[in-house]
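Worksheet: the structure to be examined is printed underneath.
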């Protein structure tokens, strides 16, 4: 008859794909690549589905009274590596009784269950910590209001509500002090660290160049020094160019931070939670008004050449250089 597909799956799952011989625990499925340079993503089976009571009347531990259907069923099978299959069947099975093999199987499956439960609990704990970290990140960077507060930075005269500024600036230190649970989250860690770099440059630049708005103390704005001097055309021109330069840097840093946020959102969905922020999607920004009093909407994302770097964010020095060369 042979082992049914259902019983075969049950045997392998409950055995954890491991040899059930005491203290062996050899993994019985491996990538071919571990043994060959031509893996192509395939796997090789190293285990053997051994009968506890022989499948025929002359085999090890035979029992002629047992029906064939029972012999070829999950309760009468034990998963072993090739070496221990030979050991238990040596001398027609006289060294290992039916009761011993059933005990080996039961104890091994209980151990697998305990380890699976422990691993599941550990995974849930890790996932819970990451979920809390992401929720705090969302709160600190005002992710739900991203388009609203960044639109003020992308205006011709960048500004921001003081209460938002006071929340966003300290978040840089918070991000740099975070860590993820060890494990399989390398891509997520990379995306989070990349965002922290872009965010740090943006908030530090704002901190250096913003001051309380002249006509509304509830806001901070890009310091326009050219508006504070006596009439002096050369100095006015110099400080006006300084203002335009700082404005361009803020605009570029805001777009870069948004691209970093979208990269992080994509990595969370790819590596941790496929439906993360499913209703919200990616973050967008609004820039304007331009000379025609129109607003433009963007969803900044990294290009393929950016993603090829260790960190896709190019850094403020590259941004400054690019603006200087264009100007």
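Laboratory data are not the source of any read-out in this text; all were calculated from the coordinates shown. Since we're looking at a predicted model, the values are computed, not measured. In this analysis, Cβ positions are derived from the backbone assuming ideal geometry, glycine residues included, and neighbour counts consider all displayed protein chains.
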Determine, for each peptide in 235-248, 49-62, the mean count of other beta carbons within 10 angstrom over its residues, then list the peptides with the highest first.
49-62, 235-248
Extension gain residue 46-residue 70, at 0.36 nm per residue separation less the Cα-Cα distance, in nm?
6.2 nm
CD proxy at 222 nm, helix term only [per DSSP H run n ≥ 4: -39500 (n - 2.57); per residue of the chain; nearest 500]:
-16500 deg cm²/dmol
Relative to the present Cα-Cα distance, how much length would full extension add between residue 224 and residue 295 at 0.36 nm per residue of separation?
23.3 nm
Return one quarter of the surface area of the convex hull spanned by the alpha-carbon atoms of the stretch 230-327, equal to its mean projected area, in nm².
9.2
The stretch 5-118: proportion of alpha-carbon pairs further apart than 22 angstrom, %:
36
Using mean Cβ contacts within 10 Å as the protection proxy, how do 64-71, 91-98 order, highest first?
91-98, 64-71
If you bin every alpha carbon distance in the stretch 169-266 into 10 Å steps from zero, what whole percent lands in each bin?
14, 33, 27, 16, 8, 2, 0
Kirkwood-based shape ratio for the stretch 141-326, expressed as Rg/Rh from alpha carbons:
1.00
For a quick protection proxy, order the peptides 120-133, 253-266, 291-304, 309-322 by their average other-Cβ count within 10 Å, most packed first.
253-266, 309-322, 120-133, 291-304
Per the Kirkwood formula over distinct C-alpha pairs, the hydrodynamic radius of the chain in angstrom is 25.3
